[in-house]
Each structure stands twice: as C-alpha cells, then as structure tokens.
1. Could you pull out the longest piece of the chain with no exposed loop GluC sites (Glu not before Pro) in it, calling a site exposed if DSSP puts it outside H, G, I, E, B and it has at most 13 other Cβ atoms within 10 Å?
2. Looking at the chain as a GNM with Cα springs under 10 Å, which of ALA257, ALA187, ALA49 has the largest mean-square fluctuation?
3. Put a dot 7 Å past each Cα toward the Cβ at ALA128 and MET142; how far apart are the dots in nm?
4. Determine the gain in length on full extension of the stretch LYS200-LYS27; use 0.36 nm per residue of separation and subtract their C-alpha separation, reporting nm with one decimal.
5. Check the chain and count each lysine pair with an alpha-carbon distance under 17 angstrom, considering only pairs eight or more places apart or from different chains.
6. Protein chains only, probe 1.4 Å: how do THR66, THR245 rank by accessible area, largest first?
7. Summarise the accessible area of the range 142-256 (1.4 Å probe, protein heavy atoms) by the percent that is carbon and sulfur.
8. With only alpha-carbon atoms in the gyration tensor, what are the semi-axes of the equivalent ellipsoid for the range 138-260, in Å, largest first?
Amino acid sequence: MSTTTAPNEPAQRLRTRRPLRPATVAKNLGALLLALVFVFPVYWMFSSALKPNSEILTKDPVFVFTPTLDNFTKATGVENFWNYVTNSLVVTVGAVLLALLVALAASFAIARMKFRGRKGLVLGVMMAQMAPWEVMVIAMYMIVRDAEMLNSIGVLTAIYFVMVLPFTIWTLRGFIAAVPVTLEEAAQIDGCTRGQAFRKVIFPLLAPGLMSTSLFGFITAWNEFAMVLILNKDKTAQTLPLWLTEFKTAFGNDWGATMAASSIFAIPVLVIFIFLQRKAVGGMTAGAVKG
C-alpha cells in the first residue's frame, strides 16, 4: 500500500514578486516628488531655526551646519511668552470643546429628527461655513467695544467657538447620517432610551468624525490672527500668532528667532495630528457589534 506525502502548503503559497509596471513606477515617483514639495518648506523652517544667523541669510543655501539653540532661547525669552501660550491653549481648547458639545446635539437633531425649519437650519449652517469671517472683524470690534469687553479671553473664545461651529455641525451630521438607524432601533428594542442608544451605540461610531472635526477646529482657532489682532491690544491678552510678529529689530527681521518661533508654534498641531490620526482608525468600528 503506497502512501503519498502532502505537498508543502507554505511553499505552494509563495508567490514570485511581479515586476513593477512603468505606470506604477511613474505614479510612485510623482507621489514622492509631491511629498518632497510639501515637506521641504517644513524641513527648511526647522533647519533654519537651528542655524546660526550668519548661515541663514547667505547667497548659497547651507545644508550642513552645527546646530544651535540660540534662536529658540530668543524666541521663548520674549516678554509675556507664557501669557501667549496660556491664552492660545485656553481659547483654542475652549472653543473646540464647546463646538463639539453643541454640534453633537445639533447634528443629531438635523440627521435624525424631522421638524419645521430643518432645511432652513441646514442652509444657515452652510451659509455660515462659507462666509469669510474677515469681513466681520469691524462689526465684531464695534460690538465688543460698545460692550466694553475688549482684551477679553472669554470673548475671544466665544468668537472662535462661533467660527468653528458650522463646520463641526456639518461634518458630524454626515457621520451621524452614515450610522444605520437599525442599530439605534435595536438598542431601543433592548430597553435603551433614545439618549442611551445615542451614548452607547452612535457615539462610539462617531470617533473618526470627532477626531477630524476637533483637529480642524484646533487648527482654525490656533492659527487665527485677525480677530485677536483687532480685539485684544493688550499683550497680556494676546495669543501665539501675534507672538510671531515680535522678532523685528532696527536692522530688519530676526529670521532665526522667527523660524524658531514658527517651529514651536507648529509643533502642537503636528503632535495632535499624529495622535488623532492613530485614534481615528480605532474608533471606526467601536460599538458596531453588540456583545
């Protein structure tokens, strides 16, 4: 009686690597070139922040140099630096949290409920999102001045909140509408109230939306320049975007300190983006399956 040996399955599953086609190579090279175009200014900003001033304004670009932290010392040594940092964090985080809280309720109502004026509300949100806030600076200044509330961190937070809110509502509305209604109905059949169904079923599925909208809101409030420039003349009530204008001397701009300040200003956004990018993927299916 003869026996046959089973073939080696892992060996059978090995596949030879296919040669790359010219079209694929061209696409990869194009993507790499595009990435370099966007990354190079960021690299140049950080590298200039570490260069001595004598190697920044040169005829030929300097790529090999001895790093120095003198520019960062100048940037952080500006008077009221920590006031700038504290004010930026307060107004940015406050505006984003308020926008997420209000937008969750508003977007849920727009996506799930039928009520009179719903289409008008959606149209109003779209119009508010498209409106350029710069044209309203003068009107806001006159209102805040007449209310004797200039140089107020609370007023600035409220304005940033209003600026971020329309986009947050519009984006979260799309995420809520994408969640099947059957999941919410199944939770209610199991005994959950509508609020419990939202908290236990819908809210976990909104993680990608919450991450993307909070990132957009953070960038918008963190970078806002015009409002704080007009409304807050007192340096103790200003934010980091105005700190970037502090590095002027009788001989011109101190580009080393400016690049160092720009690098410090950009780091929080980069860190938050990396953190939210990791968390967003994990929340896409959280809560979708009943245990």
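1. Details: sites that count: GLU79, GLU148.
Looking at the chain, 149-291 is the longest stretch - no exposed GluC sites (Glu not before Pro) with at most 13 other Cβ atoms within 10 Å.
2. ALA187
3. 2.2
4. Details: separation 173, 0.36 × 173 = 62.28 nm, distance 4.33 nm.
Full-extension gain reported as 58.0 nm.
5. Values: LYS51/LYS59; LYS51/LYS74; LYS74/LYS248; LYS200/LYS290; LYS235/LYS248.
Here the count comes out as 5.
6. Details: THR66 105, THR245 65 Å².
My answer, sorted largest first, is THR66, THR245.
7. Values: 3600 of 5520 Å².
Ligands and nucleic acids excluded, carbon and sulfur reach 65 percent.
8. Working: eigenvalues 368, 71, 21 Å².
For the range 138-260, the semi-axes come out at 43, 19, 10 Å.
The values are calculated or read from the model by the stated rules, or taken from the named source; none is laboratory data. This is a predicted model, so every value here is computed, not measured. So basically every Cβ, Gly included, is an ideal-geometry build from the backbone, and we count neighbours across all protein chains shown. Quick note on the areas: whole protein, heavy atoms, side chains included, nothing else; ligands and nucleic acids left out. Shrake-Rupley method; radii C 1.70, N 1.55, O 1.52, S 1.80 Å.
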